[in-house]
Every structure is written in C-alpha cells, then in structure tokens.
Amino acid sequence: MKILYFAWIRTKTGIAAEEVSPPTDVTDVASLIDWLKGRGAGFAEALKNPNAVRVAVNQEYVKGDHPVRAGDEIALFPPVTGG
Amino acid sequence: MIRIQREDFDVGAELEALAGGNPKVGGVAVFVGLVRDVAGGEAVRAITLEHYPGMTEKKLAEIEAEAHRRWPLEATLVVHRYGELKPTDRIVLVAAASAHRDAAFEACRFLIDWLKTKAPFWKLEDKASGAQWVETRESDDAAATAWTKKKSR
C-alpha cells in the first residue's frame, strides 16, 4: 500500500510518500498507525497524538476502524488549514 | 468549477467568465481570501500552501455539488492557490451566482466555510521565529458544523 504524509506529519517523518507492506495483523487504520509508529523516532513523534492526525483512504476521510488493504492509498495529515 | 493553481487570478475576469452573458443571474456573491502580514502577534514574511493533489479536487467538487443541491444556483467557482504567497497576495476565490441575493450570499459563505474544514490544504507561515504550521481554529469548525444544522432557503 502507498502511504502519503502531509504538512508537519511529513516534516516529522522526513518523507512525503512510501510503499509499505505491513504484517498481516495490520487490518485497519488504527493498527496501521501503531505499526508505522514503530518504524522510527520521527514516525513515533509525528503520530503520537491520534486526535491530531486525519486519515484518508483512497482520498476519502475515514476513522480508525476503517479497513486497509494492499493497493490502498492512505494519507496521514493534520487538520486542514486552507482558505 | 474548481481550479487549483500556483498562479494568481483576476477577480473581474473570473466573474465575467462565471456569470457574464447569463441573463438568469441576478447577483454574484464573492469571497476573496488574502494573506495577512501578522499571525499570533508576529510578523509573517510569507506563507507556503501545501495540498493533496487529487483529493483536493475531489473534496472541492463534492462541496460544490452540495451547494448546488442546497440552493438554486446558476454557477459557482472555487479557485485556490498553492505554493509560496506573500502578504496581500490572493489565496482563494469563491463565487456563487444565482437569480437572487439570498442564495448567492448563503452559498458563497457555505462554500468557504466547508472548504476551510474539508479541503486538504495546509499553511506554513514563515515568521522571524521560524517556520510554523498553522493550527486549526475552533471557530472554523463551528462555522462549518453550523451548516449541517441549518436549512437552505
């Protein structure tokens, strides 16, 4: 699956996009975020506060219990501040 | 119509293209968002707008479709810039054209309120103390939430 990071989540992880193949027990957004947090200090810092992270799967806003599958495009970003 | 672009826009030309020559349009309401030179009491030298290409267009199209569902509109336009902008630069243009002013005003307000809480844009401010990502304002969330309770005319 493809993971995209935006704004300060991107600056903390240090990357804008990556392809990942998480273990099979990663089945939903919440378990994916937990797994991503274990990949380095930058990831742990970026994702430590779940209330500050918005998630889109295939460009639709979703909650933590939304399933994730191979081939999905999953974006993690802070609350939006455009306009 | 939705456009995401780095370049500036000409408000007069955009409005002419939106509603010019359509005799059903009785009024056009317009909101133009600009870059201010101060935030949190500190001078802002520039801002950089980041967005999520693909999802941005998708969300704005949904917001626009919702406006057309709620009000009798002849035409709507959202133009949003990205990249580095300086104080006084234009950021966003929202316009709603309708037969009557109530629908135009309300739809324009609805479009900018929903855009601010749903469209994936983020602002980075360049200040003397360093670069700082803008935090969400609760008043923006409240403004958008109010529309989920309000009925259109």
All but one of (1) of a type outside the set (D, E); (2) surrounded by fewer than 19 Cβ atoms within 10 Å (Cβ to Cβ); (3) within 13 Å of chain A (Cβ to nearest Cβ) hold for B:A99, so report the exception by its number.
(3)
How about the range B:84-101: which of its residues are farther than 22 Å from B:M1 by Cβ and either assigned to a strand (DSSP E or B) or of a type in the set (D, E, K, R) (or both)?
B:E84, B:K86
Can you find, within the range B:30-61, the residue that is farthest from the other protein chains (Cβ to nearest Cβ) among those that are among the acidic types (D, E) and closer than 13 Å to B:P120 by Cα?
B:E57
Restrict the check to the range A:49-62 and report whether at least one residue is more than 14 Å from chain B (Cβ to nearest Cβ), surrounded by fewer than 16 Cβ atoms within 10 Å (Cβ to Cβ) and charged (D, E, K, R).
no
Looking at (1) modelled with pLDDT under 95; (2) within 17 Å of A:G82 (Cα to Cα), can you tell me which one B:G41 breaks?
(2)
Strands (runs of 3 or more DSSP E) wholly inside chain A containing at least 1 residues that are under 25 Å from B:H80 (Cβ atoms) and among the aromatic types (F, W, Y):
A:2-5, A:60-62, A:73-77
Only listed residue being among the acidic types (D, E), at pLDDT 95 or above, under 18 Å from B:E125 (Cα atoms) and crowded, with 17+ Cβ neighbours inside 10 Å, chosen from B:E50, B:E84, B:E64:
B:E50
I'd like the residue in the range A:63-83 that is aliphatic (A, V, I, L, M) and buried (at least 17 other Cβ atoms within 10 Å of the Cβ) and, out of all such residues, is farthest from the other protein chains (Cβ to nearest Cβ).
A:V68
Cβ-Cβ distance below 9 Å, separation of 6 or more or different chains: which pairs start in the range B:59-78 with a residue that is on the phi < 0 side of the Ramachandran plot and end on one that is crowded, with 20+ Cβ neighbours inside 10 Å and among the polar types (S, T, N, Q)?
B:E64/B:T76; B:A67/B:T76; B:H68/B:T76; B:W71/B:S98; B:P72/B:S98; B:L73/B:S98; B:E74/B:S98; B:A75/B:S98
Looking at B:T145, B:T136, which one is within 21 Å of B:E84 (Cα to Cα) and either surrounded by fewer than 22 Cβ atoms within 10 Å (Cβ to Cβ) or basic (K, R) (or both)?
B:T136
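The values are calculated or read from the model by the stated rules, or taken from the named source; none is laboratory data. These numbers come from a predicted model, not from an experiment. Heads up, the Cβs are rebuilt from the backbone with ideal geometry, glycines too, and the neighbour counts pull from every protein chain shown.
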